[in-house]
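The values are calculated or read from the model by the stated rules, or taken from the named source; none is laboratory data. These numbers were taken from a predicted model, which means no experiment stands behind them. Using ideal geometry, Cβ is built from the backbone for each residue, glycine included, and neighbour counts are taken over all protein chains shown. Just so you know, the surface numbers come from the protein's heavy atoms only, side chains and all, with ligands and any DNA or RNA stripped out. Shrake-Rupley method; radii C 1.70, N 1.55, O 1.52, S 1.80 Å.
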Amino acid sequence: MIRNPIPWPNGAKCAACVTFDMDADSLVHIAHPQDGHSRVAAISMLQYGPRVAVPRIVESYRQLGIRQTFFVPAWCIEKYPQAIEAILGEGHELAHHGFLHEHPRELSDEDEAYWLDRGIEVIVKASGRRPRGWRAPLYNFSHRSADLLATRGFEYDASLMGDDIPYLLECDAGRLVELPSHWGLDDWPQYVQSMDLDYMMPIRAPEQGFAIFAQEFEAAYRHGGLWVPVVHPFATGRLARWEVVHRFLEQVLQRGDVWFAPMEEIAAHVLKVTADGSWKPRVDRLPYYAGPVSVR
């Protein structure tokens with residue numbers, strides 16, 4: 001069903017990275033700049049992520065023997081240093097996710113570049129290295145984003161939804177590896193209900209909510225795909241929900257033929273098999289359109 005399957009390392013049947021977007025309470029402050037500070041219940045819900053869920057998740061990953069990727073707004077990196085220390089201390093990747101979770105598509109040219117650069121500075125200070133990857137807040141990748149990322153030496157993006165396997169993005173400034181996911185692998189529709197975030201979904205029981213992730217994994221496993229859940233510590237990191245995820249990951253790892261890796265390592269593998277000619281990726285030229293589409 002995948003027309004151009006990528007060869008994964010050591011004969012693995014698929015690649016996987018459970019990516020966490022540790023947005024914390026940046027979400028309420030960006031959504032409600034005038035009174036976000038007064039929304040105490042929402043702040044407590046979101047702070048559960050860095051304060052309770054991240055240590056739990058990092059400990060699970062340690063027990064399972066895997067390293068994964070955390071996308072974190074730079075404001076959250078500065079606000080919650082203990083969570084960041086826990087992430088980096090176990091060798092996980094710290095990737096770029098905006099500054100205060102601002103949406104690039106809604107910014108001016110200058111502001112998108114400014115906040116991208118501010119975030120890079122914070123990540124370098126926290127981790128000692130420049131970020132390899134970026135995920136646009138709320139997937140709001142703009143017509144400028146590819147050029148800005150390529151100019152700054154990013155190797156991959158994880159914002160788009162155009163395939164079941166990696167592909168390449170080409171733009172005037174260079175090339176990026178795209179490591180796609182989609183809304184079916186995002187935990188917001190399953191678990192997030194918050195008037196303060198203007199998102200009111202019927203909350204699923206933990207096993208019901210995770211069922212869609214498990215089914216997507218099995219399809220990726222059968223057909224050689226890339227499995228990239230886009231999940232949030234304050235949502236999926238809750239006790240009963242994470243218990244379900246941990247148990248599932250234990251079972252998957254017992255198969256022995258699934259490659260769990262940080263996104264930067266997956267992107268590096270894509271570039272390797274592309275360079276040595278063992279795989280020819282799909283290439284998308286960005287931006288898709290030079291301006292608004294009109295018909296007569």
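Observations on the structure shown:
- Hull shadow area, averaged, segment 118-160 [alpha-carbon convex hull, nm²]: 3.1
- Mean separation of Cα pairs under 8 Å and 6 or more residues apart, divided by the residue count, gives the chain a relative contact order of 27 percent.
- Pairs of Lys residues in the chain, spaced 8 or more positions apart or belonging to different chains, with C-alpha separations under 27 angstrom: 4 in total.
- Three-way shape call for segment 89-214 based on the alpha-carbon gyration tensor, with the a/c threshold at 1.5: prolate
- Shape category assigned to segment 162-296 from the gyration tensor of Cα positions, a/c cut at 1.5: oblate
- Residues considered: Ala86, Ala42, Ala275. Largest GNM mean-square fluctuation over the chain, using C-alpha springs under 10 Å, is found at Ala275.
- Dipole magnitude of segment 3-88, debye to nearest 20 (Cβ charges: Lys/Arg +1, Asp/Glu -1, about Cα centre): 420
- Tensor-based shape of segment 37-151 (alpha-carbon gyration tensor, a/c under 1.5 rounded, otherwise prolate or oblate): oblate
- Potential extension, Lys272-Ser44 segment - 0.36 nm per residue separation minus Cα distance: 77.7 nm
- Take the chain and mark each of the chymotrypsin sites (Phe, Trp or Tyr not before Pro) that is in a DSSP loop with at most 10 other Cβ atoms within 10 Å; the longest unmarked stretch, sites excluded, is 1-287.
- Per-pair calculated FRET efficiency, R0 = 41 Å: Arg285 and Glu59 via Cβ, rounded to 0.05: 0.45
- Shown for the chain: the carbon plus sulfur share of the solvent-accessible area, taken with all protein chains present and a 1.4 angstrom probe, equals 51%.
- Inter-site label distance for Asp172 and Tyr199 at 7 Å from Cα along Cβ, in nm: 3.4
- Stretch gain in nm, segment Arg255-Asp109, where the contour uses 0.36 nm per residue and the Cα spacing is subtracted: 47.9 nm
- Förster radius 22 Å - calculated FRET efficiency between Met1 and His182 (Cβ-Cβ, nearest 0.05): 0.90
- Only alpha carbons enter this Debye calculation for segment 175-255, each as an equal point scatterer, and the log10 of I(q)/I(0) it gives at q = 0.16 Å⁻¹ is -0.65.
- Label-to-label distance for Glu90 and Glu207 is 2.5 nm, based on points extended 7 Å past Cα in the beta-carbon direction.
- Packing rank of 8-15, 142-149, where each peptide gets the mean count of other beta carbons within 10 Å, highest leading: 142-149, 8-15
- Nitroxide proxy distance, nm - points 7 Å out along Cα→Cβ at Lys79 and Glu218: 3.9
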